[in-house]
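In what follows, a structure is listed as structure tokens, so that the remarks can point back to it.
The values are calculated or read from the model by the stated rules, or taken from the named source; none is laboratory data. Remember, it's a predicted structure, so these values are computed and weren't measured experimentally. For neighbour counting, all protein chains shown are included, and Cβ atoms are generated from backbone atoms with ideal geometry for every residue, glycine included. For the accessible areas, the whole protein counts, side chains as well, though only heavy atoms, and no ligand, DNA or RNA atoms are used. Shrake-Rupley method; radii C 1.70, N 1.55, O 1.52, S 1.80 Å.
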Amino acid sequence: SKTLLADWVGLLQRLKDYDRDNIPPKIMKVVRENYTSKADFTPANAAKASSAAEGLCKWICAMDTYDEVIKEVKPKQVKLREAEAEYAHVMKGLRAKQKELAEVEEK
């Protein structure tokens, strides 16, 4: 951990770039069992050790929350994309029919 913290800028960038949409369930299980489920795992308690520990604690809690939320949101996003694709297809057909109607009305 000291080696990780020695490269503070690199660590911050790795945290920012972390692929939060694809956290392996195995990792989240460990995080939840060993950290976020503990009542004393709070940013306030971590701040007693250092501000870096507080920041990491906040990040871990945020990733835990994000992982829970994305499980509900992701299927809805997929359904939305499907509905938007169907809507685009229907609208294309509607525009074609409106064009045909306009041509018939001109005659």
Open item on the list: Could you derive backbone 3J(HN,Hα) for the stretch 86-96 from the dihedral phi with the Karplus parameters 6.51, -1.76 and 1.60 (θ = phi - 60°), listing whole Hz in sequence and x where the residue is Gly or Pro?
Closed with: 5, 4, 4, 5, 5, 5, 4, x, 4, 4, 5
Task: Order of exposure, largest accessible area first, which applies to ASP67, ASP7 with probe 1.4 Å - done: ASP7, ASP67
- [ ] Give me the percent of the accessible area of the chain that comes from carbon and sulfur atoms, probe 1.4 Å, all protein chains in place.
- [x] 59 percent
- [ ] For the chain, just the Cα atoms, rotate onto the principal axes and tell me the three extents in Å, largest first.
- [x] 83, 29, 23
Open item on the list: Just to confirm a number: summing +1 for Lys and Arg and -1 for Asp and Glu over residues other than SER37 whose beta-carbon lies under 15 angstrom from that of SER37, what do you get?
Closed with: -2
Task: Value at 222 nm in deg cm²/dmol, rounded to 500, when DSSP H runs of n ≥ 4 in the chain each add -39,500 (n - 2.57) - done: -26500 deg cm²/dmol
- [ ] Eight or more residues apart or on different chains, and alpha-carbon atoms under 17 Å: count the Lys pairs in the stretch 8-85 matching that.
- [x] 8
TODO: Send over a whole-number figure in Å² for the accessible area per residue of the chain, probe 1.4 Å.
DONE: 82 Å²
